[in-house]
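J.: Here it is, the structure in full.
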Amino acid sequence: MNNKIILKQTVVVEGKYDKIKLSSFIDANIIETGGFRIYKDKEKLKFLRRMADTCGLIIITDSDTAGFKIRNYICGSLDKSKVINVFIPDILGKEKRKEKPSAEGKLGVEGVSKQVILEALNKAGVFGETQKVNNNPITKADFADDGLSGGENSSLMRQKLLKELNLPERMSANTLISTLNAMMTKEEYKKVMEKIK
């Protein structure tokens with residue numbers, strides 16, 4: 001009997017150890033980018049574009065600088081409406097198979113627990129019907145009103161919000177807006193903002 005979680009979308013990860021980790025509890029087409037090799041692999045990018053058009057993509061990269069560069073490169077090459085970005089929270093530590101931690105000291109996809117990955121998938125709206133149409137989305141104007149953009153302390157406020165929601169620190173304002181809209185209603189967002197102000 002298969003107790004794995006079945007996903008219809010193609011899942012994109014950075015490397016083979018990430019793929020091995022996800023394959024242990026997810027039944028899906030899982031594609032690895034080979035890290036920065038994706039920049040030169042036009043065939044793989046073409047394939048990812050086709051998968052995005054056919055069944056949608058779920059991108060799960062590490063929350064370090066390299067992970068965000070790879071994610072942004074892929075997202076910039078595809079129709080964003082066909083991509084679900086899943087963010088692993090910043091968790092300090094070292095993968096078991098490595099002698100020392102990464103340059104930024106954060107665990108990657110392979111190093112975090114199954115539970116952390118499942119929570120990240122859930123936050124992104126992968127499970128159930130959480131990817132519904134949001135008629136009252138969080139906007140750039142909300143961010144400006146709440147001091148998350150355009151002000152001298154905006155970056156600091158965004159960091160407080162990211163920390164409160166257990167999201168990676170490297171998230172841009174635009175990515176944060178789309179992530180929040182996948183995670184919560186505007187009312188829930190306003191409650192979080194009241195808490196951190």
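J.: Report the label-to-label distance for residue 144 and residue 99 in nanometres (one decimal), using points 7 Å from each Cα along the Cα→Cβ vector.
T.: Taking the two extended label points, one gets 5.3 nm.
J.: Roughly how big is the chain's charge dipole about its Cα centre, with Cβ charges of +1 (Lys, Arg) and -1 (Asp, Glu), in debye to the nearest 20? It would help to have the intermediate numbers written out before the result.
T.: Details: 35 positive and 26 negative charges, 106 e Å.
For this selection, approximately 520 debye.
J.: Go through 182-194, 101-113 and give me the packing order, highest mean Cβ count within 10 Å leading. Write out the running numbers ahead of the final one.
T.: Working: 182-194: 15.3, 101-113: 18.5.
Sorting 182-194, 101-113 by mean packing, highest first, produces 101-113, 182-194.
J.: For segment 1-102, which GluC sites (Glu not before Pro) pass both filters: DSSP loop (anything but H, G, I, E, B) and at most 10 other C-beta atoms within 10 Å? Could the numbers behind the result be given before it?
T.: Details: sites: 14, 32, 43, 95, 99; in loops: 14, 95, 99.
Those satisfying the criteria are 99.
J.: Mind grabbing the base-10 log of I(q)/I(0) for the chain at q = 0.09 Å⁻¹? Debye formula, identical points on the C-alpha positions, no solvent, two decimal places.
T.: -0.34
J.: Quick one: which residues, 5+ away or cross-chain, put their amide H under 5 Å from the amide H of residue 27? H built at 1.01 Å from N.
T.: Here 5, 6, 7 satisfy the definition.
J.: So with the 1.4 Å probe, I'd like the accessible area per residue for segment 96-186, rounded to whole Å². Present the calculation step by step, with values, prior to reporting the outcome.
T.: Numbers: 5230 Å² over 91 residues.
Normalised by residue count, the accessible surface of segment 96-186 is 57 Å².
J.: Another question about this same structure. Short version: ³J(HN,Hα) in whole Hz for each residue of segment 74-79, in order, from phi by Karplus 6.51 cos²θ - 1.76 cosθ + 1.60 (θ = phi - 60°), x for Gly and Pro, what are they?
T.: Whole-Hz 3J(HN,Hα) from phi for segment 74-79: 5, 4, x, 9, 10, 6.
J.: What's the extension gain from residue 16 to residue 39 if we count 0.36 nm per residue and subtract their Cα-Cα distance? Let's see the in-between values first.
T.: Numbers: separation 23, 0.36 × 23 = 8.28 nm, distance 1.71 nm.
Full extension from residue 16 to residue 39 adds 6.6 nm.
J.: Another question, if that's okay. Magnitude of the Cβ-charge dipole of segment 1-92, K/R +1 and D/E -1, about the Cα centre, nearest 20 debye? Intermediate values should be presented prior to the final figure.
T.: Details: 16 positive and 11 negative charges, 70 e Å.
In total the dipole reaches around 340 debye.
J.: Quick one: what are the phi-derived ³J(HN,Hα) couplings along segment 102-117, Karplus 6.51/-1.76/1.60 with θ = phi - 60°, whole Hz, x for glycine and proline?
T.: Each residue's phi maps through the Karplus curve to give 5, 4, 8, x, 9, 6, x, 4, 5, x, 7, 6, 4, 4, 4, 5 Hz.
J.: So which of 114/195; 46/82; 69/197 end up more than 21 Å apart by C-alpha? All intermediate terms of the calculation are to be shown ahead of the outcome.
T.: Details: 114/195 29 Å; 46/82 14 Å; 69/197 30 Å.
The answer is 114/195; 69/197.
J.: Mind checking segment 1-62 for chymotrypsin sites (Phe, Trp or Tyr not before Pro) that DSSP puts in a loop (not H, G, I, E or B) and that have at most 15 other Cβ atoms within 10 Å?
T.: Working: sites: 17, 25, 36, 39, 47; in loops: 25.
Sites meeting the loop and neighbour criteria: 25.
J.: Another question, then. Toward the positive end of the charge dipole of the chain, about the Cα centre and with charges on Cβ (Lys, Arg +1; Asp, Glu -1), which of 183, 137, 61 goes farthest?
T.: Working it through, the farthest residue towards the positive pole turns out to be 61.
J.: Can you run phi through the Karplus equation (6.51, -1.76, 1.60; θ = phi - 60°) for segment 151-165 and list ³J(HN,Hα) in whole Hz, with x for Gly and Pro?
T.: The phi angles translate into x, 6, 10, 4, 4, 5, 5, 4, 4, 4, 5, 4, 5, 4, 8 Hz.
J.: List every residue whose amide H lies under 5 Å from the amide H of residue 58, counting only residues 5 or more places away in sequence or on a different chain, with H placed 1.01 Å from N in the peptide plane.
T.: 10, 11, 12, 84
J.: Computing the accessible area with a 1.4 Å probe over protein heavy atoms, can you report the carbon and sulfur percentage for the chain?
T.: Details: 5610 of 10860 Å².
Carbon plus sulfur share of accessible area: 52 percent.
J.: Run through segment 14-102 and list the trypsin sites (Lys or Arg not before Pro) located in a DSSP loop whose Cβ has at most 13 other Cβ atoms within 10 Å. Don't skip to the answer; put the middle values down first.
T.: Details: sites: 16, 19, 21, 37, 40, 42, 44, 46, 49, 50, 69, 71, 80, 82, 94, 96, 97, 98; in loops: 40, 94, 96, 97, 98.
Qualifying residues, ordered by number: 40, 96, 97, 98.
The values are calculated or read from the model by the stated rules, or taken from the named source; none is laboratory data. Computed from a predicted model, the values in this text were never measured in an experiment. FYI the Cβ positions are ideal-geometry reconstructions off the backbone, even for glycines, and counts take in every protein chain you see. For the accessible areas, the whole protein counts, side chains as well, though only heavy atoms, and no ligand, DNA or RNA atoms are used. Shrake-Rupley method; radii C 1.70, N 1.55, O 1.52, S 1.80 Å.
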